[in-house]
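These notes are about the structure you will find just below.
The values are calculated or read from the model by the stated rules, or taken from the named source; none is laboratory data. Predicted model only: the values in this text are computed from it and were never measured. Cβ placement follows ideal geometry from the backbone for every residue including glycine, while neighbour counts extend to all protein chains displayed.
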Amino acid sequence: MANLGPRRVMIWAHQRALSTVFELSLASRLESTVFHELYVMAYYHGDDRLYDNQIATVPGYTFKDVIEILERDYSGKDVIVCKDIAMCLDGKYDRLPKGYIHTFMIRDPRLSIPSFLKVKDLINETVDTIPDTGGVGQLYDLHNYVTKTLKQQSVIIDASDLTNEPEILIRKFCEAVGIPYCESYLNWNTDHWHAVCKDTPLHVFFDNAVNSTHFKPTDDTNNYVDTSRLPHYAQLQIRAALPYYSELFEKRLQP
């Protein structure tokens, strides 16, 4: 039988969807190579970056570089995974790598958007720079492209389902994308992302995930913030995001 190469999977998310915890889980398998937010690097830090900031350019992270990294051969690895943020494609789907199964991770925007505002406050940046739907609308558009244009199966995981029923959800995810299930996905000890996340204030985005070793059950009904106390634009973002989230939620892998 011909060697068809490793199974390649993209996990697309919006901001604060707990996707880095899922990424760490999958990175625990030694036979896999897992990448952390290469498109985020291109969007914020690459030579052709789309976000206007004062952070120094990081060489080797143009969008062309990212595609080349993801399409490269990886000897000895049978699974290649990249977790990334859909808005960083900027709606240009010719930037997608070839040969990948595209999957999606979502979280209720009544949780994800307040979480993003809280983290942005910690690094003293303005908090009105997140997309108009907290990134949920961009994820929804990419899902439409993947399922309707690329004709791929819809594979969606909700953050609450994953944290409360991790074994069931990860087994279903692995079956849907055709990768092996591994017991280490439930308990892990790994660190694999670019040093820029540790050497700049960006590390606050990942502190909770980096310090995790397993999924922690959540009761989202007790975690919703009083949205009336949020800035007005954040309230508008949540209102705009909820219809996109609700539609994706109905299509998710269910525990």
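Step by step: first the residues of region 161-190, then only those that are among the β-branched types (V, I, T) and touching a strand residue (DSSP E or B) at 6+ places or on another chain (Cβ under 9 Å), then the one that is surrounded by the fewest Cβ atoms within 10 Å (Cβ to Cβ). Which residue is that?
T190
Take the conditions more than 20 Å from L30 (Cα to Cα) and in contact (Cβ under 8 Å) with a residue 40 or more places away in the chain and apply them to I168. Does it pass? Steps first, please.
Details: more than 20 Å from L30 (Cα to Cα): yes; in contact (Cβ under 8 Å) with a residue 40 or more places away in the chain: yes.
The answer is yes for I168.
If you check E37 against the conditions, is it at positive phi, touching a strand residue (DSSP E or B) at 6+ places or on another chain (Cβ under 7 Å) and touching a residue at least 40 places away in the same chain (Cβ under 8 Å)?
Values: at positive phi: yes; touching a strand residue (DSSP E or B) at 6+ places or on another chain (Cβ under 7 Å): yes; touching a residue at least 40 places away in the same chain (Cβ under 8 Å): yes.
It is true that E37 is at positive phi, touching a strand residue (DSSP E or B) at 6+ places or on another chain (Cβ under 7 Å) and touching a residue at least 40 places away in the same chain (Cβ under 8 Å).
Select from region 2-29 the residues that are in a strand (DSSP E or B) and under 8 Å from the mean Cα position of the chain (by Cα) and write down the one among them that is surrounded by the fewest Cβ atoms within 10 Å (Cβ to Cβ). Step through it out loud before you land on a result.
Pass one, region 2-29, residues in a strand (DSSP E or B): 7-13.
The next check asks that each one be under 8 Å from the mean Cα position of the chain (by Cα); those that pass are 11-13.
Working: I11: 23, W12: 28, A13: 28.
Checked region 2-29; the qualifying residue surrounded by the fewest Cβ atoms within 10 Å (Cβ to Cβ) is I11.
Residues in region 175-198: is at least one in a helix (DSSP H, G or I), at pLDDT below 90 and touching a helix residue (DSSP H, G or I) at 6+ places or on another chain (Cβ under 6 Å)?
Yes; the residues of region 175-198 include at least one that is in a helix (DSSP H, G or I), at pLDDT below 90 and touching a helix residue (DSSP H, G or I) at 6+ places or on another chain (Cβ under 6 Å).
State all residues of region 101-124 that are among the aromatic types (F, W, Y) and either touching a Phe, Trp or Tyr at 6+ places or on another chain (Cβ under 7 Å) or modelled with pLDDT of 80 or more (or both); if no residue qualifies, say none.
The answer is F104, and nothing else.
Hey, among the residues in region 30-49 that are hydrophobic (A, V, I, L, M, F, W, C) and outside any helix (DSSP H, G or I), which one's modelled with the lowest pLDDT?
Among those residues, the one meeting the criterion is L30.
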